[in-house]
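Participant: Below is the structure I would like to discuss, written out as structure tokens.
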Amino acid sequence: MKYAFLFLIVFVMSSCENEFIPKLIGSWEGTEVTEMGKPMKLNPADVKFNFTKEGVYDFQFLSLKEAGNFHMDADRIIFQDTTHDERLKKAIKILEIDDVKATFQMNANGKEQIIKMVKK
């Protein structure tokens, strides 16, 4: 009985942990980027994310490039960039996601940014 209970706990935790991952896996391209509710003066298609089932990501925006590992914490994607010495962790909140589109919320220098994306 004790082992059945432990199995159930592990099963439930792993099910919750992976809720967003199947939809997240793939290549994404920006369609709209706002900062503090106003459109940013940039080409949204220049914002690109790629997520693999192995927990690896890469991000590109113009000359800014990042890559590293990611994992989910509830509705947040936690990134650890491994291309720079500082290796800071960052988080993006998933506001909405399905098989073809997603909306992410992030904080850049104290300003809320919303990024709408489509899966490529």
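The values are calculated or read from the model by the stated rules, or taken from the named source; none is laboratory data. All values reported here derive from a predicted model rather than from experimental measurement. For neighbour counting, all protein chains shown are included, and Cβ atoms are generated from backbone atoms with ideal geometry for every residue, glycine included.
Participant: Pick from the stretch 48-75 the residues that are surrounded by fewer than 16 Cβ atoms within 10 Å (Cβ to Cβ) and of a type in the set (D, E, K, R): which of them is nearest to Ser27 (Cα to Cα)?
Facilitator: Lys53
Participant: I'm checking my understanding of the structure. Among residues of the stretch 83-93 that are in a strand (DSSP E or B) and of a type outside the set (Lys, Arg), which one is surrounded by the fewest Cβ atoms within 10 Å (Cβ to Cβ)?
Facilitator: The selected residue is Ala91.
Participant: Taking the residues in the stretch 98-110 that are assigned to a strand (DSSP E or B) and at pLDDT below 95 as candidates, determine which candidate is surrounded by the most Cβ atoms within 10 Å (Cβ to Cβ).
Facilitator: Met106
Participant: Go through (1) without any contact (Cβ under 8 Å) to a residue 12 or more places away in the chain; (2) at positive phi and name the single condition Met36 misses.
Facilitator: (1)
Participant: Could you say whether any residue in the stretch 79-90 is modelled with pLDDT of 90 or more, farther than 14 Å from Phe51 by Cβ and out of contact with any strand residue (DSSP E or B) (no Cβ under 8 Å at 6 or more places or on another chain)?
Facilitator: No, the stretch 79-90 contains no residue that is modelled with pLDDT of 90 or more, farther than 14 Å from Phe51 by Cβ and out of contact with any strand residue (DSSP E or B) (no Cβ under 8 Å at 6 or more places or on another chain).
Participant: Still on this model: Filter the stretch 33-46 down to residues that are surrounded by 14 or more Cβ atoms within 10 Å (Cβ to Cβ) and either out of contact with any Gly (no Cβ under 8 Å at 6 or more places or on another chain) or among the aliphatic types (A, V, I, L, M) (or both) and give me whichever is nearest to Glu112 (Cα to Cα).
Facilitator: It comes out as Glu35.
Participant: I'm told Met1 meets every condition in (1) over 15 Å from Met117 (Cα atoms); (2) modelled with pLDDT of 90 or more; (3) among the hydrophobic types (A, V, I, L, M, F, W, C) except one. Can you identify the failing condition by its number?
Facilitator: Tallying (1) over 15 Å from Met117 (Cα atoms); (2) modelled with pLDDT of 90 or more; (3) among the hydrophobic types (A, V, I, L, M, F, W, C), Met1 fails exactly one: (2).
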